[in-house]
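Below is one structure, written out as structure tokens; comments come after it.
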Amino acid sequence: MPLASSAVASGSSIGVGIIGLSASGGWAAASHLPALRALDGFDIRALSTSNPNSARRAGEQYGVPLAFGSAKELAESPDVDLVVVSVKAPDHYANVMAALNAGKMVLSEWPLGKNAAETRELAETARTKGIRTFVGLQARTAPHVQFLRDLIADGYVGDVLSTTLVGSGLAYGDTVDQGNIYLLDPSNGATLLTIPFGHTVDALTMVLGEFADLDARTVTRRTTARVAQTGEEVAMRMADQIAVQGVLESGAVVSAHYRGGLSRGTNFLWEINGTEGDIQVTGPNGHLQVGPITLRGARGESRELAELPLPAAYELPALADARTSPAYIVGHAYAGIREDLNHGTHRIADFTHAHHRQRLFDRIEAAAKRN
């Protein structure tokens with residue numbers, strides 16, 4: 001039995017170790033660290049980086065008592081119950097496997113693996129070992145997305161006829177930061193399809209149901225990108241345009257288009273059209289998993305969309321001050337993890353779900369190759 005099971009059963013805090021919490025900042029420092037510190041039931045006990053010196057600096061900066069120079073050391077620490085893997089996508093496999101081999105619960109950023117084979121192996125390893133796992137598809141636990149799901153289930157729009165989605169991926173455009181050049185190589189698994197489109201389509205399917213049938217186009221329109229810091233031109237090896245059309249299991253029609261970079265016009269718009277009403281979801285860019293998110297709707301005799309305020313029941317008071325930060329949605333995911341561990345539920349996506357979602361992307365890529 002994973003070590004964390006006894007900690008949860010006794011009601012004590014879950015000891016967390018974060019792989020990739022760097023003194024130079026980054027996603028773990030901006031999201032995981034403040035989210036965990038805002039919530040009861042978690043205790044950040046350890047971190048690891050690429051070497052002992054950088055780990056020591058990060059430990060001192062963030063006040064984390066244990067600092068390790070390798071993921072293996074962190075995972076094997078008896079003080080760690082839950083290993084959080086917050087590194088670049090190509091490095092997920094090795095770090096997640098270190099946690100699984102140590103018998104520890106693990107939360108991995110999305111995508112779980114850089115390809116279908118890695119994702120499948122990690123899911124099968126966790127299942128064989130009987131280890132609780134979680135994957136960072138946090139758009140599905142975003143309060144506004146949960147509210148949207150309930151509105152649809154409660155019949156706000158009636159029967160869903162169709163849904164239309166357009167989004168901009170921020171990265172994958174005409175410029176790229178030096179540290180993000182790896183995003184432009186599809187072999188690293190961190191593509192426009194898997195990250196911004198992937199997070200959003202995962203939420204779409206949670207709200208409206210899975211695809212029954214689909215067709216797709218993936219196209220590379222920009223052949224190069226300029227490195228922001230140096231002006232160097234680097235090759236764009238992956239698709240910067242994704243267009244998916246299909247039909248959901250409910251019969252609703254889907255049209256989705258993601259493009260790299262940012263538009264001077266609409267950067268995120270998701271509309272759901274039904275027999276009784278319509279809902280519009282907007283945000284500043286195509287990363288629904290980061291937010292912020294606004295819902296507007298109208299139904300019945302109403303012809304003008306109006307904002308649908310988020311009911312207080314969907315909020316967490318501990319995260320009230322983080323509404324505009326990356327920690328807000330990540331914090332709701334952690335609250336769901338704690339609830340799952342306390343009650344034996346499975347609300348938060350796990351590695352089996354990650355494998356299931358990866359198969360959808362495989363279907364999209366296969367459809368694009370046929371066209």
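So for the stretch 308-318 (the condition being assigned to a strand (DSSP E or B), under 19 Å from A203 (Cβ atoms) and open to solvent by 50 Å² or more (accessible area, probe 1.4 Å)), does at least one residue qualify? Steps first, answer last, please.
Of the stretch 308-318, the ones assigned to a strand (DSSP E or B) are none.
No, there is no match, as no residue in the stretch 308-318 is assigned to a strand (DSSP E or B), under 19 Å from A203 (Cβ atoms) and open to solvent by 50 Å² or more (accessible area, probe 1.4 Å).
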Response to the item:
(1) more than 21 Å from the chain's Cα centre (by Cα); (2) open to solvent by 20 Å² or more (accessible area, probe 1.4 Å); (3) farther than 25 Å from E118 by Cβ; (4) modelled with pLDDT of 95 or more all hold for R37 apart from (1)
Discussion item. Looking at P309, P317, P326, can you tell me which residue is touching a residue at least 40 places away in the same chain (Cβ under 8 Å) and out of contact with any Gly (no Cβ under 8 Å at 6 or more places or on another chain)?
Written reply: P326
Practice prompt. For R303, work out the one condition from (1) closer than 21 Å to R140 by Cα; (2) of a type in the set (D, E, K, R); (3) part of a loop (DSSP other than H, G, I, E, B) it doesn't fulfil.
Written response: (1)
Practice prompt. Please report, ordered by residue number, the strands (runs of 3 or more DSSP E) entirely within the stretch 65-110 with at least 2 residues that are hydrophobic (A, V, I, L, M, F, W, C), within 16 Å of R132 (Cα to Cα) and open to solvent by less than 30 Å² (accessible area, probe 1.4 Å).
Written response: 82-85, 105-109
Item to complete: Would you check if there is a residue in the stretch 145-158 being under 24 Å from the mean Cα position of the chain (by Cα) and charged (D, E, K, R)?
Response: yes
Worksheet item: Within the stretch 20-34, can you find the residues that are surrounded by 18 or more Cβ atoms within 10 Å (Cβ to Cβ), part of a helix (DSSP H, G or I) and of a type outside the set (S, T, Y)?
Response: W27, A28, A29, H32, L33, P34
Discussion item. Please pick out the residue among L170, L112 that is under 18 Å from the mean Cα position of the chain (by Cα) and on the phi > 0 side of the Ramachandran plot.
Written reply: L170
Worksheet, complete the sentence: Residue hits (the stretch 96-115; among the hydrophobic types (A, V, I, L, M, F, W, C), over 15 Å from V80 (Cβ atoms) and touching a Phe, Trp or Tyr at 6+ places or on another chain (Cβ under 8 Å)) are L112
Discussion item. Any residue that is within 18 Å of F197 (Cα to Cα) and open to solvent by less than 20 Å² (accessible area, probe 1.4 Å) - is there at least one of those in the stretch 319-326?
Written reply: no
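The values are calculated or read from the model by the stated rules, or taken from the named source; none is laboratory data. Just so we're clear, the structure is a prediction, and the values are computed from it rather than from any experiment. Note: ideal-geometry Cβ built from the backbone for every residue, glycine included; neighbour counts use all protein chains shown. For accessibility, only protein heavy atoms count, side chains too; no ligands or nucleic acids. Shrake-Rupley method; radii C 1.70, N 1.55, O 1.52, S 1.80 Å.
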